[in-house]
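Here's the structure, in structure tokens; my notes come after.
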Amino acid sequence: MRGLWPIFKRELFAHFVTPLAWVAMTAFLLIQGLHFFLIVQHFAGQLDLSADAGPVQTYFGQTMMLYLPLLFVCPILTMRLFAEERRNGTIEPLLTVPIQTAGLVLGKYLAVLVIYATMWLPTLFYMALLGRYGEVDWHIVASGYLAVIAIGSGYLAIGTMTSAMAKSQLTAALTSAMAITGLFMIGVGEFIFPEGLARELAGHVSAWAQMNDFSRGIVDSRRLVFDATIVVLPLFITVRAVDAWRLE
Amino acid sequence: MIVVEHLSKSYGALAAVSDLSFRVERGQVVGFLGPNGAGKSTTLRILAGFLGASGGRASIAGFDVVEERLDALRQLGYMAETSPLYPEMKVREYLAFRSELKGVPRTKRRADVDRCLELARVSDVAGVLIGHLSKGYRQRVGLADALIHSPPLLILDEPTAGLDPNQIREVRALIASLAENHTILLSTHILSEVEATCSRAVVLAKGRLVAIGSIDELRGRGRPELILTLRGDEAIIRQVLSETAGVGSRVIEPHGEALRATLSLTAEDEAGQAETTERIVHALATATVGIREVRTTKATLEEVFAALTQHEARTENEAEAKR
Ligand SMILES: Nc1ncnc2c1ncn2[C@@H]1O[C@H](COP(=O)(O)OP(=O)(O)O)[C@@H](O)[C@H]1O
Ligand SMILES: [Mg+2]
């Protein structure tokens, strides 16, 4: 797709010269570091570790601290994608080059996705540390990261969409944070709704339940299909929204 | 190269462009002239595929700007008003990014960037952050960007706005040098700009076309005035002038010991005006009026422009008043 690659490269570069991006990433890593520290402290007191509830499982599946940060990190990573270009007028040169809108949107999206994945990279160090001093099931590590990336992909797509629809970065960040929280809340319905369809649906979209499954090595493809929907749909809407500016 | 047919665009209730039609032929350098808010940027943005029209159509090199947008854009180097750029990029980086974006083949890219840096005279700041550049330099980086994929057509929205006189002269010289092998449509609200760089002009006021033609044709639209310095009986002079065909309004006033008559000629073309002049002089001489001076004044383009755009504004106001 024409335009994807240069847009992708520029967007990566632009993120690394944005101070707020660094602040968000640093905050994220601090929280993950603390998270890991607390888990290790907890397990340090226990002698007998069952395979099903080791530190790795706990890290990925049993605490909120893993993905609560995503609620602020994803909106911050995505908010500037389109809103900033509209604010300072650079969207005009960008939309008057011979490239398809899909290339533009995908280039920008993939850039934040790569940054997001990079953000998780240092946490591999914790896994290596655990592997050094104990047993680590690397299958579980892999499925844990898969879930983290799959869920994040959806959140980033939602953020990309709100950045294209909002006029300011702040509105973009707030609306995507609200949408992501909303999605998360529906998942929490799993523990609230009585037995039935609503509860099943809630369980199906629940990021919490997904992390729980994946942290035990249960990779359910239906969950991945759902995650893919949350990527494709917002990106499709983003393309339509950008094209709609032309018709304004 | 550019065909605009019955183009219109409204922002809500405001009609920014109404029923606009004009053509730009290959090789022409056309000034798109009009006071602020006339709808110039709106029209150019529609041509560049950045805005959709409310009605009518436009094409570039035969490609419809909506239906065949990508083909049309490949032919077009567009510079938006105020030339928005990424401040965190260096000039050379930016141009390399833009050339890749516009599909310049990898092998040509480096040479093209160098060529455009040279052409737009920004080689000396190639390694400088765009955010640190002066307005004049930023404008020229915008020009370099417009040129980067070697398009045959350039559309430049107010390329000299906000520049100091030296920078204006530089940008104009640059445009003049580009005119040799590009078709150019450039917008401006400054008349001298058009006189300096363009061979033709499209004049817009309140979103409507008020005039189109070569600079000389536009100048010709101002009616010339015939100025006579005469000596003799004022009553006879008045009578002779009123009896001569082809004289419109006349003002006769004392001028030192003599009288000065300022006449407008009703003939449309120069031949007709010359003939009227001849008849007036002949009639005055026959009536034994002393003729001390005969000269014609051409209206300046400035006056034509003012008359054209004010007329449009006036009829608009009258229409509004009637409502
Ligand atoms: N995005 C917009 N929304 C609403 N009105 C606009 C917009 N852009 C321009 N206008 C209005 O349309 C008219 C024409 O604007 P413009 O095309 O920018 O004129 P020019 O470039 O000749 O100065 C102006 O009255 C302007 O206020
Ligand atoms: Mg303008």
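The values are calculated or read from the model by the stated rules, or taken from the named source; none is laboratory data. Quantities reported herein were computed from a predicted structural model and do not represent experimental measurements. Glycine also receives a Cβ, built like all others from the backbone with ideal geometry; neighbour counts cover every protein chain displayed.
Selection of region A:1-18 for residues being exposed (fewer than 14 other Cβ atoms within 10 Å of the Cβ) and within 11 Å of chain B (Cβ to nearest Cβ) yields A:PHE16, A:VAL17. Selection of first residues in region B:21-41 that are of a type in the set (Ser, Thr, Tyr) and of second residues that are part of a strand (DSSP E or B) and within 12 Å of ligand 2 (Cβ to nearest atom), restricted to Cβ pairs under 6 Å at least 6 apart or on distinct chains, gives the following pairs, ordered by first then second residue: B:SER41/B:ASP157. Output the residues belonging to region B:20-38 that are within 16 Å of ligand 2 (Cβ to nearest atom) and surrounded by fewer than 23 Cβ atoms within 10 Å (Cβ to Cβ). The answer is B:PRO35, B:ASN36, B:GLY37.
Residues checked against (1) within 30 Å of A:GLU92 (Cβ to Cβ); (2) out of contact with any His (no Cβ under 9 Å at 6 or more places or on another chain); (3) modelled with pLDDT of 90 or more:
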site: A:LEU156; (1), (2), (3): yes, yes, yes
site: A:MET161; (1), (2), (3): yes, yes, yes
site: A:MET178; (1), (2), (3): yes, yes, yes
site: A:PHE191; (1), (2), (3): no, yes, no
site: A:SER206; (1), (2), (3): no, yes, no
site: A:ALA209; (1), (2), (3): no, yes, no
site: A:ASP213; (1), (2), (3): no, yes, no
site: A:GLY217; (1), (2), (3): no, no, no
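Of the residues that sit in region B:3-19 and are exposed (fewer than 14 other Cβ atoms within 10 Å of the Cβ) and within 9 Å of ligand 1 (Cβ to nearest atom), which one is farthest from B:LEU204 (Cα to Cα)? So the residue we want is B:GLY12. Among the residues of region A:59-79, those that are touching a His at 6+ places or on another chain (Cβ under 8 Å) and surrounded by 17 or more Cβ atoms within 10 Å (Cβ to Cβ) comprise A:TYR59, A:LEU66, A:LEU77. Looking at region B:21-33, is at least one residue part of a strand (DSSP E or B), more than 15 Å from ligand 1 (Cβ to nearest atom), aliphatic (A, V, I, L, M) and within 13 Å of chain A (Cβ to nearest Cβ)? So far as region B:21-33 goes, no, none of its residues is part of a strand (DSSP E or B), more than 15 Å from ligand 1 (Cβ to nearest atom), aliphatic (A, V, I, L, M) and within 13 Å of chain A (Cβ to nearest Cβ). Checking B:ARG231, B:ARG250, B:ARG221 one by one, the residue that is at pLDDT 90 or above and surrounded by 13 or more Cβ atoms within 10 Å (Cβ to Cβ) is B:ARG231 and no other.
Entry remark, region B:147-186: residues being within 16 Å of ligand 2 (Cβ to nearest atom), touching a Gly at 6+ places or on another chain (Cβ under 8 Å) and within 13 Å of chain A (Cβ to nearest Cβ) number 1 in total. Might you check whether a residue that is modelled with pLDDT under 90, closer than 30 Å to B:TYR11 by Cα and crowded, with 16+ Cβ neighbours inside 10 Å occurs anywhere in region B:165-182? No, the conditions are met nowhere in region B:165-182.
Being surrounded by 23 or more Cβ atoms within 10 Å (Cβ to Cβ) and either part of a helix (DSSP H, G or I) or in contact with a Leu (Cβ under 6 Å, 6 or more places away or on another chain) (or both), is that true of even one residue in region A:127-134?
Step one: list which residues in region A:127-134 are surrounded by 23 or more Cβ atoms within 10 Å (Cβ to Cβ), which gives none.
No, region A:127-134 contains no residue that is surrounded by 23 or more Cβ atoms within 10 Å (Cβ to Cβ) and either part of a helix (DSSP H, G or I) or in contact with a Leu (Cβ under 6 Å, 6 or more places away or on another chain) (or both).
Which one of these is more than 9 Å from chain A (Cβ to nearest Cβ) and touching a helix residue (DSSP H, G or I) at 6+ places or on another chain (Cβ under 7 Å): B:ARG109, B:ARG98?
Working: B:ARG98 fails: more than 9 Å from chain A (Cβ to nearest Cβ).
Selected residue: B:ARG109, the only one of B:ARG109, B:ARG98 that is more than 9 Å from chain A (Cβ to nearest Cβ) and touching a helix residue (DSSP H, G or I) at 6+ places or on another chain (Cβ under 7 Å).
Selection of region B:147-185 for residues being within 16 Å of ligand 1 (Cβ to nearest atom) and farther than 21 Å from B:SER134 by Cβ yields B:ILE155, B:LEU185.
Go through B:LEU119, B:LEU133 for me and flag whichever is within 28 Å of A:PHE16 (Cβ to Cβ) and without any contact (Cβ under 8 Å) to a residue 60 or more places away in the chain. Answer to the check: B:LEU133. Of all residues in region B:65-85, those that are at the interface with chain A (Cβ under 10 Å from one of its Cβ atoms), out of contact with any strand residue (DSSP E or B) (no Cβ under 7 Å at 6 or more places or on another chain) and away from ligand 2 (no atom under 14 Å from the Cβ) total 6.
Select, from B:GLY103, B:GLY49, B:GLY62, B:GLY55, the only residue that is touching a strand residue (DSSP E or B) at 6+ places or on another chain (Cβ under 9 Å), under 26 Å from A:GLU85 (Cβ atoms) and assigned by TED's automatic domain parsing to the domain that holds B:SER187.
Values: B:GLY103 fails: touching a strand residue (DSSP E or B) at 6+ places or on another chain (Cβ under 9 Å); B:GLY62 fails: under 26 Å from A:GLU85 (Cβ atoms); B:GLY55 fails: under 26 Å from A:GLU85 (Cβ atoms).
Going through B:GLY103, B:GLY49, B:GLY62, B:GLY55 in turn, just one is touching a strand residue (DSSP E or B) at 6+ places or on another chain (Cβ under 9 Å), under 26 Å from A:GLU85 (Cβ atoms) and assigned by TED's automatic domain parsing to the domain that holds B:SER187: B:GLY49.
Counting only helices (runs of 4 or more DSSP H) wholly contained in region B:40-134, the ones carrying 1 or more residues that are surrounded by 15 or more Cβ atoms within 10 Å (Cβ to Cβ) and more than 16 Å from ligand 1 (Cβ to nearest atom) occupy B:69-74, B:91-101, B:106-119. Here are some residues: A:GLY103, A:GLY89. Which one is within 14 Å of chain B (Cβ to nearest Cβ) and within 18 Å of A:ALA157 (Cβ to Cβ)? That would be A:GLY103, the only listed residue that is within 14 Å of chain B (Cβ to nearest Cβ) and within 18 Å of A:ALA157 (Cβ to Cβ). B:VAL203 fulfils the conditions (1) out of contact with any Gly (no Cβ under 7 Å at 6 or more places or on another chain); (2) of a type in the set (A, V, I, L, M, F, W, C); (3) within 27 Å of B:ALA306 (Cβ to Cβ) except for a single criterion, (1).
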